[in-house]
Amino acid sequence: MGDDAELTAAVLAAQHGDESAFRAVYRAVHPRLLGYVRTLVGDLDAEDVASESWLQIARDLERFSGDADRFRGWAARIARNRALDHIRMRGRRPAIGGDETELTGRAAESDTAGEAIEALATGRTLDLIARLPQDQAEAVVLRVVMGLDAKTAAETLGKRPGAVRTAAHRGLKKLAELLGDDPEAAGVLDALPPQRDPRSRAVTSASVTHARTRTQKDM
């Protein structure tokens, strides 16, 4: 996601009409936001829904107030609302797919090799997240991929923080089991960005592969 201070500064500059700052915000947030949308609407419609989300983000940006963490949560809520509108219009919730090419392509625009590598790993991981129940998939993507803390993720989902922690904990445990059953997926989660929580130290993605030994309060 890049340094939080830089993202906060970019959001502020974008609010004052700096187009290059808005592009920086987009490059920092879009790959993971797209991943979240994919958990809701599937691969075929994810790009369209994400584009609609960014149109609303750009339109309402002047009214936003907060730092990088709050911006990620705000963007996730907008994307979720657009995705749910799309689902209601289609009358169905499509199966989640697993083609990571959307993420790798978007991240490459930033000219940052690290982001491209992270996006590749994230896309591969979304293949596994696709096998989780919907509530667990959303909680894991918001907490680990989007990097939201439990409170912000709960606000996005309209749930209690404890319920989000439980869903994320169960989802990570299931992912560890899936990784154990899939030798080709070994090490996939290691490159995920750290999970952020303002009240505690960052939880690195490497610890996800040891989810069986973690306690629920760690989420």
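Listed residues R160, R165, R170, R214; which is modelled with pLDDT under 80 and open to solvent by 20 Å² or more (accessible area, probe 1.4 Å)?
R214
Report every pair of residues separated by at least 6 positions or lying on different chains whose Cβ atoms are under 8 Å apart, first residue within the range 39-50 and more than 13 Å from D85 (Cβ to Cβ) and open to solvent by 10 Å² or more (accessible area, probe 1.4 Å), second assigned to a helix (DSSP H, G or I) and of a type in the set (D, E).
That search, which allows pairs on different chains as well, returns D43/E102; E47/E102.
Collect the residues in the range 61-72 that are within 19 Å of G17 (Cα to Cα), open to solvent by 20 Å² or more (accessible area, probe 1.4 Å) and in a helix (DSSP H, G or I), keeping them in residue-number order.
Within the range 61-72, E62, R63 meet the criteria.
In this structure, is V37 more than 22 Å from D127 (Cα to Cα), assigned to a helix (DSSP H, G or I), β-branched (V, I, T) and touching a helix residue (DSSP H, G or I) at 6+ places or on another chain (Cβ under 7 Å)?
no
Could you list, in sequence order, all residues of the range 5-23 that are in contact (Cβ under 8 Å) with a residue 24 or more places away in the chain and buried (at least 19 other Cβ atoms within 10 Å of the Cβ)?
If the condition is that a residue be in contact (Cβ under 8 Å) with a residue 24 or more places away in the chain and buried (at least 19 other Cβ atoms within 10 Å of the Cβ), then L7, V11, A14, F22 are the ones that fit.
Scan the range 120-138 and tell me whether some residue there is open to solvent by less than 30 Å² (accessible area, probe 1.4 Å), of a type in the set (V, I, T) and modelled with pLDDT under 80.
Within the range 120-138 (the criterion being open to solvent by less than 30 Å² (accessible area, probe 1.4 Å), of a type in the set (V, I, T) and modelled with pLDDT under 80), the answer is yes, since at least one residue qualifies.
Checking V29 against (1) closer than 18 Å to R143 by Cα; (2) not in a helix (DSSP H, G or I): exactly one of these is not met. Which one?
(2)
Filter the range 51-60 for residues that are small (G, A, S) and open to solvent by 20 Å² or more (accessible area, probe 1.4 Å) and give the result. Walk me through how you get there before you give the answer.
The initial filter retains those residues of the range 51-60 that are small (G, A, S), namely 51, 53, 58.
Across the range 51-60, the qualifying residues are S51, A58.
The values are calculated or read from the model by the stated rules, or taken from the named source; none is laboratory data. As the structure is a computational prediction, the values presented were derived from the model and not from experiment. A quick note on method: Cβ atoms are made from the backbone with ideal geometry, for glycine too, and the neighbour counts reach across all protein chains shown. These area figures cover heavy atoms from the full protein model, side chains too; ligands, DNA and RNA do not enter into them. Shrake-Rupley method; radii C 1.70, N 1.55, O 1.52, S 1.80 Å.
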